[in-house]
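The values are calculated or read from the model by the stated rules, or taken from the named source; none is laboratory data. Source: prediction; values computed, not measured. Cβ: placed from backbone, ideal geometry, glycine included. Neighbour counts: every protein chain shown. With ligands, DNA and RNA removed, areas are computed over all heavy atoms of the protein, side chains included. Shrake-Rupley method; radii C 1.70, N 1.55, O 1.52, S 1.80 Å.
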Amino acid sequence: MAPLLSPVDVARRLGAGLLSFPVTPFGADLAFDEAQYRSNLDWLCGYDVAGLFAAGGTGEFFSLTPAEVARVVGVAVAETAGRVPVLAGAGYGTAIACEMARAAEQAGADGLLLLPPYLVGSEQDGLSAHIEAVCRSTGLGVIVYNRDNAVIGPDALARLCERLPNLVGYKDGIGDIELMTRIQSRLGDRLTYIGGLPTAETFALPYLEMGVTTYSSAVFNFVPAFALDFYAAVRRRDRAAVAQGLRDFILPLIEIRNRRKGYAVSIIKAGMRVVGRDSGPVRQPLTDLTAAEQAELAALVARVAPAQALAAE
């Protein structure tokens with residue numbers, strides 16, 4: 001299935017608004033809950049979001065089989081029905097990532113987020129070959145996710161951009177400002193730049209000063225109006241409003257998130273329960289928030305989205 005949007009079109013649309021990664025709902029048996037996923041997506045599409053990333057990090061990509069990734073992406077494409085661009089996660093080893101890229105294209109995705117290869121570190125030549133193989137396996141636009149064991153430097157990235165027209169985006173997940181500056185200085189508007197650090201709202205304003213006009217908001221999953229208001233404050237450089245949003249919600253949420261490993265995903269699933277959109281538990285090896293922590297989160301949601309918190313009672 002050919003994408004309706006060109007890779008460049010997709011990248012430009014993503015750079016013009018807020019992005020989010022929907023959670024992947026599971027039932028009590030940890031099987032994919034398609035009905036809840038469709039309901040969540042339909043709700044999120046009612047807000048002004050620039051792109052949704054199906055089976056991404058917050059969508060527990062790491063716990064999904066390749067067949068499940070393809071199914072999740074297919075459901076996302078069908079349910080959103082062109083209302084918002086859908087990008088699919090791809091990753092693991094090169095062969096698997098290429099298979100995922102082809103499956104996502106067949107399912108009608110508008111683009112790909114290439115997550116780091118599984119576990120191993122590599123030299124720039126090896127990482128470049130991995131990125132190039134995935135880009136050449138599909139006609140979709142590809143966003144490379146710079147984080148953990150997959151940090152591509154400006155020289156290697158520039159060479160890739162010269163020969164891969166569908167390499168259209170760079171998502172930063174490491175927060176190395178010097179590296180980001182060197183990449184932007186080298187490549188300019190050849191790429192769309194996306195803030196991708198955990199709880200990206202904390203970095204959004206300084207990154208905007210560097211020309212990073214968009215970021216992925218995990219909290220959009222359960223407090224979309226707050227997330228959009230915060231993004232609007234960032235874009236208009238309203239430092240007082242940004243500081244208030246950080247103080248009232250984001251920083252207290254981070255305090256809960258930092259208590260246990262893996263809570264970056266778990267706290268978003270907990271937020272879905274708080275607003276009456278229970279999307280089930282997280283899959284192992286992650287663990288869910290405790291009842292006390294969920295109550296803390298509910299109090300935070302009531303502070304910034306009282307109508308949603310009340311509806312969940």
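The table below gives the values:
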read-out: Residues being in a helix (DSSP H, G or I), surrounded by fewer than 16 Cβ atoms within 10 Å (Cβ to Cβ) and touching a residue at least 24 places away in the same chain (Cβ under 8 Å) - total across segment 157-177; value: 4
read-out: Selected residue (criterion: modelled with the highest pLDDT) from residues of segment 152-174 that are of a type in the set (A, V, I, L, M, F, W, C) and within 14 Å of residue 115 (Cβ to Cβ); value: 152
read-out: Only one of 252, 285, 281 that is farther than 30 Å from residue 13 by Cβ, part of a helix (DSSP H, G or I) and modelled with pLDDT of 95 or more; value: 252
read-out: Of all residues making up segment 35-53, the number that are of a type in the set (D, E, K, R) and surrounded by fewer than 16 Cβ atoms within 10 Å (Cβ to Cβ); value: 2
read-out: Qualifying positions in segment 202-231 - among the aliphatic types (A, V, I, L, M) and over 27 Å from residue 178 (Cα atoms); value: 219, 223, 225, 227, 228
read-out: Looking only at segment 87-114, and only at residues there that are open to solvent by less than 30 Å² (accessible area, probe 1.4 Å) and part of a helix (DSSP H, G or I), the one that is nearest to residue 74 (Cα to Cα); value: 107
read-out: Qualifying residue in segment 210-219 (condition: assigned to a helix (DSSP H, G or I), touching a residue at least 12 places away in the same chain (Cβ under 8 Å) and small (Gly, Ala, Ser)); value: no
read-out: Some residue of segment 240-256 being within 25 Å of residue 142 (Cβ to Cβ), in contact with a Ser or Thr (Cβ under 9 Å, 6 or more places away or on another chain) and open to solvent by 20 Å² or more (accessible area, probe 1.4 Å); value: no
read-out: Qualifying residues in segment 115-134 (those that are hydrophobic (A, V, I, L, M, F, W, C) and part of a loop (DSSP other than H, G, I, E, B)) - the one most open to solvent (accessible area, probe 1.4 Å); value: 119
read-out: Only one of 273, 259 that is out of contact with any strand residue (DSSP E or B) (no Cβ under 7 Å at 6 or more places or on another chain), crowded, with 19+ Cβ neighbours inside 10 Å and within 30 Å of residue 65 (Cα to Cα); value: 273
read-out: Selection count, segment 120-134, where residues are at pLDDT below 95 and touching a Gly at 6+ places or on another chain (Cβ under 8 Å); value: 0
read-out: Every residue from segment 65-86 that is assigned to a helix (DSSP H, G or I) and over 30 Å from residue 119 (Cβ atoms); value: 78, 79, 80
read-out: Identity of the residue in segment 186-231, among the charged types (D, E, K, R) and open to solvent by 10 Å² or more (accessible area, probe 1.4 Å), that ends up nearest to residue 175 (Cα to Cα); value: 209
